[in-house]
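Scroll down for the structure; my scribbles are underneath it.
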Amino acid sequence: MKLSYDARRNIAYIRLRPETAGVESVRVSDELTVDMTPDGSVYGIELLNANEQLRATEDGRFVLELAGKAAGTLDLSAA
């Protein structure tokens, strides 16, 4: 899994699988798009207005947890 964030555009992308050809984008809402592989698996998730959607703490940090343990934080407060 790879999480990328474009602060200038305020867009986050969560890629769940290795890069592949033939990804189809499904627009779920104005701020959420899910990319699907040809076999129907979720390839990635794009979040517009990401600093609002991912804000998890009062200080504007997104906390990434892996198997119940904090793995790191991403500061979205500057966006």
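Quick note: the coordinates plus some simple rules give every number you see, no bench work behind them. What you are looking at is a predicted structure, and each value in this text was computed from that prediction instead of being measured.
Structure notes:
- Distances between placed amide hydrogens fall under 5 Å for Asp35 paired with Val26, Tyr43, Gly44, Ile45, Glu46, all partners being 5 or more residues away or on another chain.
- 3J(HN,Hα) along the range 25-35: 8, 10, 7, 8, 7, 4, 10, 9, 10, 10, 9 Hz, from the Karplus curve 6.51 cos²θ - 1.76 cosθ + 1.60 with θ = phi - 60°, whole Hz, x for Gly and Pro.
- Compactness relative to 2.2 N^0.38 Å, alpha carbon Rg of the range 2-54: 1.12
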